[in-house]
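See below for the structure under consideration.
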């Protein structure tokens, strides 16, 4: 018997009707996803993807190629965002960690049980639990609902989970509540991540959310408490 469509599944369908089918990152390779996270700072998705493509074209995306590259070559990619020199250091650190701890490849680490795989990826710079989970779901290694700050905000406003004093506790609360309403497979959880993130970026923003335009407004606890002004 087919599973009855849950409230969150219905919301996600509404978000997809608004934004269209979600587009994932420009790669599903684990190490490249880690480079994508580190190649630029405080940039939008388009500029981050451009920085990554520059790195791939000018240097390459394997650890040994990055370690052999000149600072000038790496900086051609990192200059898309601020703190370009710091980003060069992070790319080099990614390559060093990959070589030292994983023999240049992450395939074995991804096959470990979820807690171990997550911990392994957190050895890389700029990667906390949410970032590690994003790598795991986009590589298809583990069916886990990864949430960035935008997606987390959306879920909490919709009433999935509770906002706690600690960010990690809020994250787990929302993740558990949302996961209970979704099929536990990689495509479903990947789609949820992308749609919730997009919604948090465009309408359900941290300040001046555009609630009257939201396709989930009739289900939103945040909206029912009072309509913020449109920004």
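List of remarks:
- In the set 156, 147, only one residue is under 9 Å from the mean Cα position of the chain (by Cα), surrounded by 18 or more Cβ atoms within 10 Å (Cβ to Cβ) and over 20 Å from residue 90 (Cβ atoms); that residue is 147.
- Residue count for the range 167-187, restricted to those that are assigned to a helix (DSSP H, G or I) and surrounded by fewer than 16 Cβ atoms within 10 Å (Cβ to Cβ): 6
- When residues of the range 57-102 are limited to those that are modelled with pLDDT of 95 or more and assigned to a loop (DSSP other than H, G, I, E, B), the one farthest from residue 30 (Cα to Cα): 70
- Of the residues screened, residue 102 is not one that is touching a residue at least 12 places away in the same chain (Cβ under 8 Å), within 17 Å of the chain's Cα centre (by Cα) and on the phi < 0 side of the Ramachandran plot.
- Scanning the range 188-210 for residues that are part of a helix (DSSP H, G or I) and either outside the structural domain of residue 150 (by TED's automatic domain parsing) or surrounded by 20 or more Cβ atoms within 10 Å (Cβ to Cβ) (or both) returns 189, 190, 192, 193, 194, 195, 196, 197, 198, 199, 200.
The values are calculated or read from the model by the stated rules, or taken from the named source; none is laboratory data. Note that the structure is a prediction, hence the values are computed from the model and not measured. Please note: Cβ atoms are built from the backbone with ideal geometry, for glycine as well, and neighbour counts cover all protein chains shown.
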